[in-house]
Amino acid sequence: MFDVLIIGGGVSGVSCALVLGSAHKKAFAQDKKIGIITHQKISSLQEALFNNAYGIPAGKLGSELLTESLQQLHDLYPHVTQIEGEKVLKIEGDSPNFNVITNKNSYKTKNIVVGIGSANTFAIEGLLHYVEPHKKAIAEKQRIQLKNDDHKVTEGIYVAGTLAGHRSQLAIAAGSGAAVATDILTLWNDGISSQAHDSIRK
């Protein structure tokens, strides 16, 4: 049983996983089981070139970020389980007993974060009734989002990035994933506002 299972290995999903993983020394998070399904058949990052993203060297390719960020997650926070090569087909159950079914396996989890793109090919059974037209995308692109209130779709299910209704910008997607992570950390900390920061001070 995962405490949280993140669906999507793009910017918002990995950002969420990094923040959650970095909190492992906090008493309320140290025993939490975190997983991320990293399947990325299609990602807008694969054709991206970054010259205007804060903290990222000019000329960085999005395809490099996709692989480097997952390697960073693996190296720094190996307790976060990375599930490769699986596509989520269906979500069953209710909080805190969800069953996430992929093309290869099924996983039990208490919380879910959906951090995949906003293409109208979205087809995760169990979430389709939350789908609505994307409120900030160009209508001709026919993008979609999941109905949510500040990233929360329903009890135990969160959405991040463009699928949460945000515009397609790396910094926005990363911040959205981090925001969901801090909401989950706060949940684990009995509702007391919490976040995870690293510091050079000891």
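Excluding ligands, DNA and RNA, the accessible surface per residue across the chain is 55 Å² with a 1.4 Å probe. Once backbone amide H atoms are built at 1.01 Å from N, L89 has I101, T102, N103 as its partners under 5 Å, excluding neighbours fewer than 5 places away on the same chain.
Share of carbon and sulfur in the accessible area of the stretch 1-151 stands at 50%, probe radius 1.4 Å.
Per-residue accessible area (protein heavy atoms, 1.4 Å probe) orders I192, I157 as I192, I157, starting from the largest.
Using only side-chain charges placed at the Cβ, +1 for Lys and Arg and -1 for Asp and Glu, the dipole size of the stretch 50-178 relative to its Cα centre rounds to 260 debye.
When the convex hull of its Cα atoms is viewed from all sides, the stretch 1-106 shows a mean projected area of 7.6 nm². Across the stretch 15-59, the convex hull enclosing all Cα atoms gives 92 Å³ per residue. With one equal scatterer per alpha carbon and no solvent term, the Debye-computed log10 I(q)/I(0) for the stretch 109-184 at 0.16 1/Å reads -0.51. Over the chain, the hull volume per residue, using the convex hull of the C-alpha atoms, is 123 Å³. Sorted on the mean count of surrounding Cβ atoms within 10 Å across their residues, most packed first, peptides 143-153, 180-190 read 180-190, 143-153.
Amide hydrogen proximity for V153: with H placed 1.01 Å from N in the peptide plane, the residues at 5 or more positions away or on another chain lying under 5 Å are Y158, V159. With the charge dipole of the stretch 1-100 set up from +1 on Lys and Arg Cβ and -1 on Asp and Glu Cβ about the Cα centre, the Cα lying farthest toward the positive end among the listed residues L61, L20, G93 is that of L20. Stokes-Einstein diffusion of the stretch 50-104 at 4 °C, 1.567 mPa s viscosity, Kirkwood radius from Cα pairs, rounded to a whole number: 91 µm²/s.
Expressed as a rounded percentage, what relative contact order does the chain have, with Cα pairs under 8 Å and six or more residues apart? That works out to 25 percent. A DSSP coil position with no more than 13 other Cβ atoms inside 10 Å describes the following GluC sites (Glu not before Pro) in the stretch 101-202: E155. What you get for the stretch 108-154, charging only the Cβ of Lys and Arg (+1) and of Asp and Glu (-1), is a dipole of about 120 debye around the Cα centre.
The values are calculated or read from the model by the stated rules, or taken from the named source; none is laboratory data. What you see is a predicted model; the values in this text were computed from it and never measured. Don't worry about glycine lacking a Cβ; one is built from the backbone with ideal geometry, like all the others, and counts go over all protein chains shown. The protein model used for the area step is the full one, side chains on, heavy atoms only, and it has no ligands, DNA or RNA in it. Shrake-Rupley method; radii C 1.70, N 1.55, O 1.52, S 1.80 Å.
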